[in-house]
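Report on the following structure.
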Amino acid sequence: MFSLLRENIRIALDSIKGQLLRTILTVLIIAIGITALVGILTFLGALEKTITGDFASMGANTFNIQQYEFTTRGNRNREKINPIINYRNVRQFKDKFKYPFSKTSVSFTGTRNAEVKYESEKTDPEVSVLGINENYLENTGTEIENGRNFTFFDIENNNKVCLIGSDFKKNLFKNTTSIDKTISIRGVKFRIIGVLESKGATFRNNQDLRVLIPLQVARSIFTLPNINYNISVKVDDKQFLEGAQDQAIVTFRNIRGLNPVEENNFGLERSDDLINRISSITGYLYWAAWIISIITIFGSSIALMNIMLVSVTERTREIGVRKALGAKKRTISGQFFLETVLIGQLGGLIGIILGIIAGGIAAYALDFPFAVPWLAIIAAVITSFLTAVVSGSYPALKAAKQDPIESLRYE
């Protein structure tokens, strides 16, 4: 049996070499379909990993109070525009919200295009500066690589200290340590007390190129009207989360002066709810990717079947000779079927390589972390094999049913 298999493989390879141009075109047709499948799945995997990673770092014990709900943020009702969360709201919430075993974080983005100076060096005007309190790092899952976090006294005393992102080690401090160095932002000098661990970038939002400063100091530097603040609450144990959310809603409704029949004019989102919603969205994208790829691969199957039918017709005399020498139907069908499978797997291999490259380039262009898409690779191997099976079955059966006498007469 193995000798017959080796013989069929040898004949299939000889046939592939003899029709090199046709084989190349067939392989490329299959490779295009597999490239579409692997490329899209690779990109979606990187996208999902990036987004869920950002929200997962916040932890399952965290919720945010914000201007709008996540579900309505992209399609806001123009008849109902929620007011921003201003500093007075934030201050009152911190004073009134006293749920046990919880920590409240307050922050706002002062600017996204600051220029940071150190001695004679300076950065491009693309640095984000955030005003935060002492609980911000813990509530957002941000770790410190070197140095220390803000203390309660740093925030209350308005100390001119700061935390910087890891990207500053690549420009301002590439030849020296940054701890205890002094930088300047809009003419205000800050002493560096810590360097944050790298978190990468999401949709061009580089979280490693930012400076965190005490909240009140940030308010004195960035005095734009209508600043929208962010409130994040973290509980020590998830079993307290529902109770903390209910009390936070009641507290913020009282701050906003809402009566019992009025709807909330603010949003409350849990980090794990966001992850679940993002997962459902990417699930639809995966289905769309499969539909697009199946349509492409269906075209590849038709092309492969037609080419193999042409090959059967051109090799009719060869089939007649083999049958006259005693070859059985299953031997003839196995030869053509194996040839189809080899072409299909070769196209699949090229498609996997091209798909990973295409998906990796797209992920790199958007600053997404790249990971080997094992699911996409397995799916591509199975898909290319099934494509070859479907496309090769009919030509193989047609070749096996050829009449040896009529085949020998074929010119």
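Among residues of the range 188-218 being among the small types (Gly, Ala, Ser) and modelled with pLDDT of 90 or more, the one that is surrounded by the fewest Cβ atoms within 10 Å (Cβ to Cβ) is GLY194. Selection of the range 111-150 for residues being within 17 Å of TYR87 (Cβ to Cβ) and at pLDDT below 90 yields an empty set. Restricting the first member to the range 99-115 and to residues that are closer than 22 Å to GLY187 by Cα, and the second to residues that are among the small types (Gly, Ala, Ser) and surrounded by fewer than 20 Cβ atoms within 10 Å (Cβ to Cβ), the beta-carbon pairs closer than 8 Å and six or more apart or on different chains are THR109/SER128; THR111/SER128; ARG112/SER128; ALA114/SER128. Scanning the range 258-286 for residues that are in contact with a strand residue (DSSP E or B) (Cβ under 9 Å, 6 or more places away or on another chain) and not in a helix (DSSP H, G or I), we see that the one that is modelled with the highest pLDDT is PHE266. Residues that are among the aromatic types (Phe, Trp, Tyr) number at least 1 in the following strands (runs of 3 or more DSSP E) confined to the range 163-251: 188-196. The set of residues from the range 353-411 being buried (at least 19 other Cβ atoms within 10 Å of the Cβ), at pLDDT below 75 and under 19 Å from the mean Cα position of the chain (by Cα) comprises ALA363, PHE368, PRO373, ALA376. I'm told LEU172 meets every condition in (1) farther than 30 Å from ASN61 by Cα; (2) surrounded by fewer than 19 Cβ atoms within 10 Å (Cβ to Cβ) except one. Can you identify the failing condition by its number? If we test LEU172 against (1) farther than 30 Å from ASN61 by Cα; (2) surrounded by fewer than 19 Cβ atoms within 10 Å (Cβ to Cβ), just (2) comes out false.
The residue that is farthest from ASP246 (Cα to Cα), counting only those in the range 101-110 that are at pLDDT 90 or above and either outside any strand (DSSP E or B) or in contact with a Ser or Thr (Cβ under 7 Å, 6 or more places away or on another chain) (or both), is THR109. If the condition is being modelled with pLDDT under 70 and in contact with a helix residue (DSSP H, G or I) (Cβ under 9 Å, 6 or more places away or on another chain), then the range 37-55 contributes GLU48, THR50, ILE51, THR52, PHE55. ASP95 fulfils the conditions (1) of a type outside the set (Phe, Trp, Tyr); (2) assigned to a loop (DSSP other than H, G, I, E, B); (3) free of Cβ contacts under 8 Å to residues at least 24 places away in the same chain; (4) surrounded by fewer than 14 Cβ atoms within 10 Å (Cβ to Cβ) except for a single criterion, (2). Summed over the range 111-140, the residues that are farther than 19 Å from ASP236 by Cα, among the β-branched types (Val, Ile, Thr) and either outside the structural domain of PHE150 (by TED's automatic domain parsing) or not in a strand (DSSP E or B) (or both) give a count of 1. Exactly one residue among ASN146, ASN159 is under 22 Å from TYR118 (Cα atoms) and part of a strand (DSSP E or B), and that residue is ASN146.
The values are calculated or read from the model by the stated rules, or taken from the named source; none is laboratory data. Note that the structure is predicted; figures quoted are calculated from it, not measured. Neighbour counts are summed over all protein chains in view; Cβ atoms, including those assigned to glycine, are modelled from backbone coordinates with ideal geometry.
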